[in-house]
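Have a look at the structure below, then the notes.
The values are calculated or read from the model by the stated rules, or taken from the named source; none is laboratory data. These numbers were taken from a predicted model, which means no experiment stands behind them. Quick reminder, even Gly has a Cβ in these numbers, built from the backbone with ideal geometry, and neighbours come from all protein chains shown.
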Amino acid sequence: MTRRPIMAGNWKMNMLVAEAEALVNGLKAGLDGTEEVDVVVAPTYASLYPIAKVLSGSSIDLAAQNLHWEASGAYTGELSAAMLLDVGCKYVIIGHSERRQFFGETDETVNKRLKAALAAGLIPIVCVGEVLEERKSGRTWDVVGGQIREGLDGVSRSDAEKLVIAYEPVWAIGTGEVATPDQAQEIHAQIRGLVAELYDQGIADGLRIQYGGSVKPDNVRGLMDKPDVDGALVGGASLKAESFLGIVKF
Ligand code: PGA
């Protein structure tokens, strides 16, 4: 089974519109479209529409960093799936650890967002991962497996086929402490096994599982060499064209 790698840059709360435009222009200049990789950028909400215009006609796809599950209404500060599609998004990140840590995101809200994204035709990138104490106490798989079971609860087989899952150990995010390729592979293989159990082997074999957490141009190759690592969700190193291109061209 060959899975097309997917490299996504999560810009988090960084960059004004002009800076974001300069970055994607740099990415466009560095890619010739022959890369056998899906390339995705996730700017802030404020930059989505202007960046969609700069990306138009390029091979780079647009993602949002979150969405709300309701279609419209009195939800101050939120955006719906239809709004994200309207400004050109193809993907949406759901359940990032910073959403879970700082904004009260739970597996239940992840599940609601996931279903809303799928119903609207957005491709979800669902983030899971353990914190350091959970790893130290040997509970990594309990935590990650639970996040997947609950996050995907009630998601149909045909929808599961569209998913991307990002395994992001929280202790590796923004710390410079990347998981070893073997640590990533171990959990990725378990995630694939669980998806086979929840759906079937065909869905599991097609599922793209990204690793995230301090991915850099100089450590991406070792991660991508592992059979169950299908891409990366990149924070810090996605904010400079040179380093993100180094990851895309691993
Ligand atoms: P990082 O962030 O690459 O800066 O560690 C990864 C992420 O949060 O997706």
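Quick grid of which residues meet (1) touching a Gly at 6+ places or on another chain (Cβ under 9 Å); (2) modelled with pLDDT of 95 or more; (3) closer than 28 Å to M13 by Cα; (4) not in a helix (DSSP H, G or I):
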residue	(1), (2), (3), (4)
H188	no, yes, yes, no
I191	yes, yes, no, no
A204	yes, yes, no, no
Q210	yes, yes, yes, yes
V215	yes, yes, yes, yes
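Of the residues making up the stretch 127-134, one or more are on the phi > 0 side of the Ramachandran plot, buried (at least 19 other Cβ atoms within 10 Å of the Cβ) and in contact (Cβ under 8 Å) with a residue 24 or more places away in the chain. Taken as a whole, the condition of being surrounded by fewer than 19 Cβ atoms within 10 Å (Cβ to Cβ), in contact with a strand residue (DSSP E or B) (Cβ under 9 Å, 6 or more places away or on another chain) and not in a helix (DSSP H, G or I) applies to A71. Only one entry in E168, E130, E177 is closer than 26 Å to D225 by Cα, modelled with pLDDT under 95 and within 16 Å of the ligand (Cβ to nearest atom), namely E177.
For the stretch 147-165, filtering for residues that are surrounded by 14 or more Cβ atoms within 10 Å (Cβ to Cβ) and either of a type in the set (G, A, S) or within 16 Å of the ligand (Cβ to nearest atom) (or both) leaves 5. Cβ-Cβ contacts under 6 Å between residues 6 or more apart (or on different chains), taken from a first residue in the stretch 197-221 that is closer than 15 Å to Q185 by Cβ to a second residue that is within 11 Å of the ligand (Cβ to nearest atom) and hydroxyl-bearing (S, T, Y), are listed as Y211/Y167. Among the criteria (1) away from the ligand (no atom under 16 Å from the Cβ); (2) free of Cβ contacts under 8 Å to residues at least 12 places away in the same chain; (3) surrounded by 19 or more Cβ atoms within 10 Å (Cβ to Cβ), the one A117 does not fulfil is (2). Within the stretch 237-249, the presence of at least one residue that is within 13 Å of the ligand (Cβ to nearest atom) and more than 18 Å from P5 (Cα to Cα) is confirmed.
Within the stretch 33-51, the presence of a residue that is without any contact (Cβ under 8 Å) to a residue 24 or more places away in the chain, farther than 13 Å from S238 by Cβ and charged (D, E, K, R) is excluded. Summed over the stretch 205-220, residues that are more than 12 Å from the ligand (Cβ to nearest atom) and surrounded by 23 or more Cβ atoms within 10 Å (Cβ to Cβ) total 2.
Checking each residue in the stretch 1-53 for being at pLDDT below 95 and under 26 Å from E161 (Cβ atoms) picks out M1, T2, G33, E35, E36. Only one of the numbered conditions (1) within 16 Å of the ligand (Cβ to nearest atom); (2) within 22 Å of E186 (Cβ to Cβ) is violated by V143, and that is (1).
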